[in-house]
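Readers should treat all values here as calculations from the given coordinates under stated rules, not as data from a laboratory. Worth saying up front: this structure is predicted, and the values here are computed from it rather than measured. Cβ sites come from the backbone with ideal geometry, for glycine too, and all protein chains shown count toward neighbours.
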There are 2 protein chains.
Amino acid sequence: MNSLEEKTLRTENIFSGKVISLQVEEVELPNGKTSKREIIKHPGAVAVIAVNDEGKIVMVEQYRKALERTIVEIPAGKLEKGEQPKVCAVRELEEETGYVCGKIEWLISFYTSPGFADELVHLYVATGLEKKEDAAQTDEDEFVNVVEVTVEEALNLIREQKIYDAKTAYAVQYLQMKKALENK
Amino acid sequence: MNSLEEKTLRTENIFSGKVISLQVEEVELPNGKTSKREIIKHPGAVAVIAVNDEGKIVMVEQYRKALERTIVEIPAGKLEKGEQPKVCAVRELEEETGYVCGKIEWLISFYTSPGFADELVHLYVATGLEKKEDAAQTDEDEFVNVVEVTVEEALNLIREQKIYDAKTAYAVQYLQMKKALENK
């Protein structure tokens, strides 16, 4: 079961940007042949399932240039250099939604696209939300609308393909399960 | 609510590979300022939650060069040019696990990393599995071990960080919810 590893023979650095970098690696496969792997390096990110006192999920509507469209997501953002994920989660929640939270707990971490990228997302659940009037500003090149939705409304947004990303779909399913089990 | 769009001013094509391509776009932000977006183009992919007659989930252990480690995932693969997602799902399931399925249904589609990539994953649920002795070969540069696990075992693999990607975490949570609701 240990024979799956691919050894790097040569690394070509193609691009290094402000968010991602790209390298192409020539690898030796388990059968001795060689192949090429196109790999994106990413600093990692956090996402926050923030639930307000009415049980609504706080989401942000955001234009995603990669998709050329606006989608609705849970608050998220990439880790700054050396930043602890939990600190980043609290910061991104406040920057994107204006909410500070009384309690924040790690739920799960997952790679988003292990086939070509090392982006790891740390998912947190935040409660005890309070709107901060003088909340930290969002990134200067980030524009979002805050929307607060029930689990049922979120499921409709999934059907309408306005919620359309993995971390948010995971979050909605998580809250749907929690609710269903509480109503048992 | 329509003011979030970012207009492309200039596109620089950086790289075009066998799986992904990379471009940097100069964009005009909603406030009139400009910024740069680093964007990965991907052909899209499918993933399959395949459940055998004993209720076990069929997974594959696979070395992921981007992560420099072996992880356990549900069967998945990228769309060939012009290929229908459902056809791709049936093909990838057979290629990676040797199983053909009696029934396959679309569950959800999601973008994996909308912050920088347009990769869209179509998730299917496959049942009525039958092992095919002369199953189609895997990709010539793909090496996997097939593992079949219960939902409880899958949850342990998540705790041990052997299941560590978004589509697989979603799949396990989905089956966990299904099971919990059936036992109500």
Here the net charge surrounding residue A:6, from other residues whose Cβ is less than 15 Å away from its Cβ (Lys, Arg +1; Asp, Glu -1), is -4
Rounded to the nearest Å, the spacing of the alpha-carbon centers of region B:51-71 and region B:148-180 is 11 Å
On the formula 1/(1 + (r/R0)^6), with r taken between the Cβ atoms of residue B:131 and residue A:41 and R0 of 30 Å, the FRET efficiency rounded to 0.05 is 0.20
Per residue, the convex hull enclosing the Cα atoms of region B:110-177 spans a volume in Å³ of 154 Å³
Taking placed amide H atoms and a strict 5 Å upper bound, the residues 5 or more places from residue B:107 or on another chain that come that close are B:123, B:124, B:125
Taking the convex hull of the alpha-carbon atoms of region B:96-141 and averaging its shadow over every direction gives an area in square nanometres of 4.5 nm²
Which residues qualify? For residue B:69, with a placed amide H closer than 5 Å and at least 5 residues away or on another chain, they are B:64
With 0.36 nm assigned to each residue of separation and the Cα-Cα distance removed, residue A:10 to residue A:152 gains 46.1 nm
Over all pairs of different Cα atoms in chain A, the reciprocal of the mean inverse distance gives a Kirkwood radius in Å of 18.2 Å
Expressed as a whole number, the average count of other chain Cβ atoms within 10 Å around the Cβ atoms of B:33-43 is 5
Residue by residue through region A:161-168, the couplings from Karplus 6.51 cos²θ - 1.76 cosθ + 1.60 with θ = phi - 60°, in Hz, x for Gly and Pro, are 6, 9, 8, 7, 9, 4, 5, 6
Most fluctuating of A:129, A:155, A:29 in the GNM of chain A (C-alpha, under 10 Å) is A:29
For residue A:79, the residues 5 or more places away or on another chain with a placed amide H closer than 5 Å to its own amide H are A:44, A:45, A:46
Averaged over residues of B:161-170, the number of beta carbons from other chains lying within 10 Å of each residue's Cβ is 6
Among A:178/B:86; A:132/B:65; A:18/B:65, the pairs whose Cα-Cα distance exceeds 32 Å are A:132/B:65
With +1 on the Cβ of every Lys and Arg and -1 on the Cβ of every Asp and Glu, the dipole magnitude of the protein assembly as shown about its Cα centre, in debye rounded to the nearest 20, is 200 debye
Summing -39500 (n - 2.57) over every DSSP H run of at least 4 residues in chain A and dividing by its residue count gives a helix-only mean residue ellipticity at 222 nm, to the nearest 500 deg cm²/dmol, of -6500 deg cm²/dmol
Cα convex hull volume per residue for region A:28-96, in Å³, equals 167 Å³
Under a Gaussian network model of chain B whose springs join Cα atoms within less than 10 Å, the largest fluctuation of B:77, B:102, B:32 belongs to B:32
Checked against the positive end of the charge dipole of chain B (+1 on Cβ of Lys and Arg, -1 on Cβ of Asp and Glu, about the Cα centre), the farthest of B:180, B:79, B:48 is B:180
Computed about the Cα centre, the charge dipole of region A:124-165 from +1 Lys/Arg and -1 Asp/Glu charges at the Cβ has a magnitude in debye, to the nearest 20, of 260 debye
Applied in sequence order to region A:20-36, the curve 6.51 cos²θ - 1.76 cosθ + 1.60 (Karplus, θ = phi - 60°) yields integer Hz couplings, x standing for Gly and Pro, of 10, 10, 10, 9, 10, 10, 8, 10, 9, 7, x, 8, x, 6, 10, 8, 10
The simple spin-label model distance between residue A:83 and residue B:87, using points 7 Å out along Cα→Cβ, in nm, is 4.4 nm
Short to long, in 10 Å steps from zero, the percent of alpha-carbon pairs of the protein assembly as shown per bin is 5, 23, 34, 25, 11, 2, 0
Answer in debye to the nearest 20: the dipole magnitude of region B:65-184 about its Cα centre, from +1 Lys/Arg and -1 Asp/Glu charges placed on Cβ, is 620 debye
Footprinting proxy, A:33, B:41, A:81: sorted fewest to most Cβ within 10 Å, the residues are A:81, A:33, B:41
Counting other chain Cβ atoms within 10 Å of each Cβ in B:59-71 and taking the mean gives 6
Taking R0 as 25 Å and r as the Cβ-Cβ distance between residue A:160 and residue A:54, the FRET efficiency 1/(1 + (r/R0)^6), rounded to the nearest 0.05, comes to 0.70
